[in-house]
1. Among the numbered conditions (1) in contact with a His (Cβ under 7 Å, 6 or more places away or on another chain); (2) within 19 Å of Cys101 (Cα to Cα), tell me where Leu5 comes up short.
2. Return the residues of segment 13-56 that are part of a loop (DSSP other than H, G, I, E, B), more than 16 Å from ligand 2 (Cβ to nearest atom) and buried (at least 17 other Cβ atoms within 10 Å of the Cβ); say none if nothing qualifies.
3. Scanning segment 129-141 for residues that are hydrophobic (A, V, I, L, M, F, W, C) and buried (at least 20 other Cβ atoms within 10 Å of the Cβ), which turns out farthest from Gln87 (Cα to Cα)?
4. Tally up the residues in segment 70-110 that are in a loop (DSSP other than H, G, I, E, B) and either acidic (Asp, Glu) or surrounded by fewer than 16 Cβ atoms within 10 Å (Cβ to Cβ) (or both), please.
5. So which residues in segment 111-128 are part of a helix (DSSP H, G or I), aliphatic (A, V, I, L, M) and surrounded by fewer than 18 Cβ atoms within 10 Å (Cβ to Cβ), if there are any at all?
Amino acid sequence: MKVSLRVNGATHEVDVTPTQTLLSVLRDQLGLTGTKYGCGEGQCGACTVLIDGLPVRSCQARASLVQDKSVSTIESLESNGRLHPLQEAFLKHEAMQCGYCTPGMIMAGVGLLASTADLTDEAIVKAMDRNVCRCGTYPRIVAAIKEAAHARA
Ligand code: FES
Ligand code: FES
């Protein structure tokens, strides 16, 4: 079936199967490989993108069901050669090792920054709790999100 997807501000007409995931379309048909395949079961958060501004696990979202919604991937964050403040904060705090979880962490963090005004350590940990980092960089991820939260104030 043909569906029309709005991804990072551009509209794409793509052929999908009824059960095909958004993650598969992003990576395999649109070449947006910044979004990562981790568990494929909704457990790790590596595949997190924003749909209408909210963090969603793209391995669990059927592409055919996100028509008419706005999808944002990690590739959308850079603007005119400048990284998003949260990307800058991740670099400053070295909040990654292998980097595999990082796009999902950053997209979840961007969604959190947009939706929550008062970000305490506890609120950050609670919101990010379901995003897994096998390298264990959690304290640095929390520090990076706190820094980006302060920078936006
Ligand atoms: S790959 Fe989607 S949650 Fe793990
Ligand atoms: S930096 Fe390696 S999984 Fe998070």
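Please treat every number below as a calculation from the coordinates, not as lab data. Predicted model only: the values in this text are computed from it and were never measured. Cβ atoms come from the backbone with ideal geometry, glycine included; neighbour counts cover every protein chain shown.
1. Just one mismatch for Leu5, condition (2).
2. First, the residues of segment 13-56 that are part of a loop (DSSP other than H, G, I, E, B): 16-20, 30-47, 52-53.
In the following step, the residues that additionally are more than 16 Å from ligand 2 (Cβ to nearest atom) were identified as 16-20, 30-33, 41-42, 52-53.
If the condition is that a residue be part of a loop (DSSP other than H, G, I, E, B), more than 16 Å from ligand 2 (Cβ to nearest atom) and buried (at least 17 other Cβ atoms within 10 Å of the Cβ), then Val16, Gln20, Leu30, Leu32 are the ones that fit.
3. From segment 129-141, those hydrophobic (A, V, I, L, M, F, W, C) are 132-133, 135, 141; that's our starting set.
Filter once more, so that each one left must be buried (at least 20 other Cβ atoms within 10 Å of the Cβ): 133, 141.
Working: Cys133: 16, Ile141: 11 Å.
Checked segment 129-141; the qualifying residue farthest from Gln87 (Cα to Cα) is Cys133.
4. Applying the first criterion (in a loop (DSSP other than H, G, I, E, B)) to segment 70-110 yields 73, 77-78, 80-81, 83-84, 93-101.
Of the ones still in play, those that are also either acidic (Asp, Glu) or surrounded by fewer than 16 Cβ atoms within 10 Å (Cβ to Cβ) (or both) are 78, 80-81, 83, 94, 97-99.
Residues flagged as in a loop (DSSP other than H, G, I, E, B) and either acidic (Asp, Glu) or surrounded by fewer than 16 Cβ atoms within 10 Å (Cβ to Cβ) (or both) within segment 70-110 amount to 8.
5. Step one: list which residues in segment 111-128 are part of a helix (DSSP H, G or I), which gives 111-115, 121-128.
Filter once more, keeping what is aliphatic (A, V, I, L, M): 112-114, 123-125, 127-128.
Within segment 111-128, Ala114, Ala123, Val125 meet the criteria.
For every residue, the table says whether it meets (1) away from ligand 1 (no atom under 16 Å from the Cβ); (2) farther than 17 Å from Ala151 by Cα.
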| site | (1), (2) |
| --- | --- |
| Val66 | no, yes |
| Thr73 | no, yes |
| Leu83 | yes, no |
| Leu86 | yes, no |
| Ala89 | yes, no |
| Met96 | yes, yes |
| Gly99 | no, yes |
| Gly111 | no, no |
| Ala114 | yes, no |
